[in-house]
Amino acid sequence: MQKSFFLETFGCQMNVVDSERIVDLLGQIGYQRVDQPDHADLVLLNTCSVRDKAERRVYGHLGRFKPIKDRRPELIIGVGGCVAQQEGERMLEKIPYLDLVFGTHNIHRLPELVQQVERRDGRGNATDFLDRETRLNLFPQRTAGDSVTRFVTIMQGCDNFCSYCIVPYVRGREISRPSDEILQEVRDLVAQGVREITLLGQNVNSYGLKEEGEISFAELLRRVDGIDGLERLRFTTSHPKDLSDELIDCFGTLEKLCHHIHLPVQCGSDRILDAMNRGYHRADYLAKVTRLKRVCPDIRLTTDVIVGFPGETESDFAETLDLVAQVGYADAFTFLYSKRTGTAAAELDDGLQAAEKQKRFDRLLELQQKNSDDIWRSDLGRELEVLVEGESKQGDGQVFGRTTWNRIVNFTGSADLIGQLVKVRITKVFRNSNLGELLEANSYQ
Ligand code: SAH
Ligand code: SF4
Ligand code: F3S
């Protein structure tokens, strides 16, 4: 009998990819995805614990499923992802109506856990970390579906231990996938119709460094760029300390590499950067930005910034504002520092008042909003290349795609354009997307 599951995903692209894997695996044991939990046989949350608020949301969301379970006790409720990894058994103890938890290394065991609960054979728990060899064999093989653009995971885990960050504890040690396997997967995806690939990892710039005989990330990019039929290439996320000159220069030489880089700076003060254990200083970061702009003059940068790290003074914060203004980011994701138990920074004295932190946060947001508005508004009237990804959600005869800067553009056009690079004139600029008109199709075929 066909069964159904509801799955909600929080957090970063790692979780998005993991959720795609979950959908595949559950499909193999007869579960089909539905978009409402009310009548599902199984509900799952794929969770994020990067900030306290994200973690609390998990508990809030689980509470929503309780009344459904009260009505239908046979409903199976499960939690996966980073909160599950961190909490493990404790989650089962805290939440009596929870049936299973599975961590970031154990997604492949989900079908077995679900079947165990179906048999009433106890609650499921798989949150141990796996060894390197096992993990290397478990990199998900992707299928294209009908997508134009796909993430390809090239590494997992993180060894950087930025002092505020929980990720190294919930994703485990860094491993890089063999380059042959990555290249084969990209070729397969392209053969199935994919036109854009985003290479994915917590810190892609350190790809291969710890694997004997493996190629560098810059070399991997060059090889992916050479794959026939691929139109565009992106990667995320970059750690500034490992952004080599060789890699920067790829932005000037690789034809398919999009002119956008997400380069999280976190802060503009050397003192705080040291306390964060980031491994670079403000001047190093700015020098890399200068080189990026030199080799690729129309590159646009985005970043992440943390406000209110323990001990941040007004003058530290002023340095962050100054750096943000100097770089001129197209977008910035700004976060209030959130204390994560188990990280090094959790031990630091955090004397700053919440109200003061909030004020700094608002000042940064205001500055960035102005930068973003100026940059995106400058596109008004320009003719830009857009890779068409699908029909717009509104369903009013519009399709959408992205510019090289990863900016969404909606415009009137037929579904035949999906998968094509077309020229579009920007006619309106909104906060998070643009509106355009199609100039010519097939112009880049
Ligand atoms: N590997 C990625 C980041 C993953 S987490 C990288 O290094 O770029 C995404 C962002 O969340 C981080 O860049 C950081 O800005 C933010 N973040 C991580 N831990 C945080 C914390 N404890 N409090 C506030 N923001 C945090
Ligand atoms: Fe966290 Fe730093 Fe690793 Fe990014 S590089 S995931 S911020 S520890
Ligand atoms: Fe969150 Fe885990 Fe990603 S903590 S940011 S989902 S790696």
(request) Kindly check whether there is at least one residue in region 374-389 that is at positive phi and free of Cβ contacts under 8 Å to residues at least 60 places away in the same chain. (result) yes
(message) Can you pull out every residue in region 242-262 that is surrounded by fewer than 17 Cβ atoms within 10 Å (Cβ to Cβ) and of a type in the set (Lys, Arg)?
(response) none
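Tell me which residues, restricted to region 415-432, are polar (S, T, N, Q) and at pLDDT 95 or above.
Taking region 415-432 and keeping what is polar (S, T, N, Q), we get 420, 427, 432.
Hits for region 415-432 are GLN420, THR427.
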(message) Every residue in region 121-144 that is in contact with a Lys or Arg (Cβ under 8 Å, 6 or more places away or on another chain) and part of a helix (DSSP H, G or I), please.
(response) ARG132, LEU136
(request) Filter region 268-292 for residues that are surrounded by fewer than 20 Cβ atoms within 10 Å (Cβ to Cβ) and either modelled with pLDDT under 95 or among the polar types (S, T, N, Q) (or both) and give the result. (result) ASN277, THR290
(request) Could you figure out which of (1) touching a strand residue (DSSP E or B) at 6+ places or on another chain (Cβ under 9 Å); (2) closer than 19 Å to LEU247 by Cβ isn't true of GLU185? (result) (2)
(message) I'd like to check which strands (runs of 3 or more DSSP E) are fully inside region 1-83 and have at least 2 residues that are of a type outside the set (A, V, I, L, M) and within 16 Å of ligand 1 (Cβ to nearest atom).
(response) 42-47
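Out of ASP52, ASP99, report the one residue that is in the same structural domain as LEU26 (by TED's automatic domain parsing), under 20 Å from PRO37 (Cα atoms) and surrounded by 12 or more Cβ atoms within 10 Å (Cβ to Cβ).
Details: ASP52 fails: under 20 Å from PRO37 (Cα atoms).
None of the others qualify; the one that does is ASP99.
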(request) Please state which of the following conditions ILE154 fails to meet, knowing it meets all the rest: (1) away from ligand 3 (no atom under 16 Å from the Cβ); (2) in contact with a Lys or Arg (Cβ under 7 Å, 6 or more places away or on another chain); (3) within 22 Å of SER244 (Cβ to Cβ). (result) (1)
(request) Scan VAL295, VAL265 and give me the residue that is of a type in the set (Val, Ile, Thr) and buried (at least 21 other Cβ atoms within 10 Å of the Cβ). (result) VAL265
(message) Consider region 170-216. How many of its residues are under 27 Å from ILE418 (Cβ atoms) and in contact with a helix residue (DSSP H, G or I) (Cβ under 9 Å, 6 or more places away or on another chain)?
(response) 8
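Please work out which residue is farthest from ligand 2 (Cβ to nearest atom), limiting yourself to region 158-183 and to residues that are closer than 16 Å to GLU211 by Cα and outside any helix (DSSP H, G or I). Please lay out each step first, then the result.
Filtering region 158-183 for residues closer than 16 Å to GLU211 by Cα gives 158-159, 173-182.
Add one more test, that the residue is outside any helix (DSSP H, G or I), and what stays is 158-159, 173-178.
On the way: CYS158: 3, ASP159: 8, ARG173: 11, GLU174: 9, ILE175: 14, SER176: 15, ARG177: 17, PRO178: 22 Å.
Filtering region 158-183 for residues that are closer than 16 Å to GLU211 by Cα and outside any helix (DSSP H, G or I), the one farthest from ligand 2 (Cβ to nearest atom) comes out as PRO178.
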(request) Tell me which residues, restricted to region 393-445, are aromatic (Phe, Trp, Tyr) and either surrounded by 12 or more Cβ atoms within 10 Å (Cβ to Cβ) or touching a residue at least 12 places away in the same chain (Cβ under 8 Å) (or both). (result) PHE400, TRP405, PHE411, TYR444
(message) Based on this model, can you work out whether SER147 counts as part of a loop (DSSP other than H, G, I, E, B), small (Gly, Ala, Ser), more than 14 Å from ligand 3 (Cβ to nearest atom) and closer than 30 Å to ILE306 by Cβ?
(response) no
(message) If LYS210 meets every condition in (1) basic (Lys, Arg); (2) part of a loop (DSSP other than H, G, I, E, B); (3) more than 30 Å from ALA344 (Cα to Cα) apart from one, which number is that one?
(response) (3)
(request) Would you mind telling me which numbered condition in (1) under 22 Å from CYS162 (Cβ atoms); (2) buried (at least 16 other Cβ atoms within 10 Å of the Cβ); (3) touching a Phe, Trp or Tyr at 6+ places or on another chain (Cβ under 8 Å) ASP331 fails? (result) (3)
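The values are calculated or read from the model by the stated rules, or taken from the named source; none is laboratory data. Here the structure is a predicted model, which is why all the values come from computation and not from measurement. Methodologically, a virtual Cβ is constructed for each residue, glycine included, from the backbone with ideal geometry; neighbour enumeration extends over all protein chains shown.
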